[in-house]
Amino acid sequence: MGDPLHDDIPPMKPIITLLSLAALTCSVRAEGPDFVKEIAPILEASCVKCHCEAKAKGKLRMDTKEMAMKGGKDNKLILPGKPDESALIKVLLLDPAEDEAMPPEGKAPRPEAAQIELLKKWIAAGAEWPEGVVLKASEK
């Protein structure tokens, strides 16, 4: 007597189905936060005022993808796939009283914990920044 649950399935079909699912799973990449809707507003409010073409403090610009990925005089700011090693996250997590903390007190609003988590997720997912998107300092 056969297996009533699997009698109508040809012997190779389950293996092919499993292999297909495995291939599909491997090709799916983690989606990060939407850059334009979620990440750009954080960077525009907290970073771009001091790190733009007109005023590149620390030789760092955050207004274009090319310049932000290049980094500043000391190190790379954004290491795609490595949020905990990215200087952007490190300086945002510092105590505001520390000299290296960004943004400096009174210069721009500090991102809230939820916003820093979004930045970490964005970097972990590859720090995608659409071509041609140029950030401008927020008036907030």
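What follows draws every value from the coordinates through simple rules; no lab data is involved. A quick note: this is a predicted structure, and the numbers were derived from the prediction, not measured. Because the Cβ atoms are built from the backbone with ideal geometry, glycine has one as well, and the counts that use them run over all protein chains shown.
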Exercise. For a footprinting-style exposure proxy, rank Arg110, Arg61 by other Cβ within 10 Å, fewest first.
Key: Arg110, Arg61
Quiz item: Leu79: net charge of surrounding residues, Cβ under 13 Å, Lys/Arg +1, Asp/Glu -1, itself excluded?
Solution: +3
Quiz prompt | FRET efficiency for Glu66 and Leu93, using Cβ-Cβ distance with R0 set to 30 Å, rounded to 0.05 | solution = 0.75
Quiz prompt | Charge dipole (the stretch 35-124, unit charges on Cβ, about Cα centre) - positive-most of Leu92, His51, Pro104 | solution = His51
Exercise. Under 9 Å from the Cβ of His51, count the other residues' Cβ atoms, weight Lys and Arg +1, Asp and Glu -1, and hand me the total.
Key: +3
Practice problem: Sort Trp129, Trp122 so that the residue with the fewest other Cβ atoms within 10 Å of its own Cβ comes first and the one with the most comes last. | Solution: Trp129, Trp122
Practice problem: Give, as a single signed number, the net charge of other residues whose beta carbon lies under 15 Å from the beta carbon of Trp129, with Lys and Arg counted +1 and Asp and Glu -1. | Solution: -1
Practice problem: Please arrange Lys121, Lys107 by counting, for each residue, the other beta carbons lying within 10 Å of its beta carbon, fewest first. | Solution: Lys107, Lys121
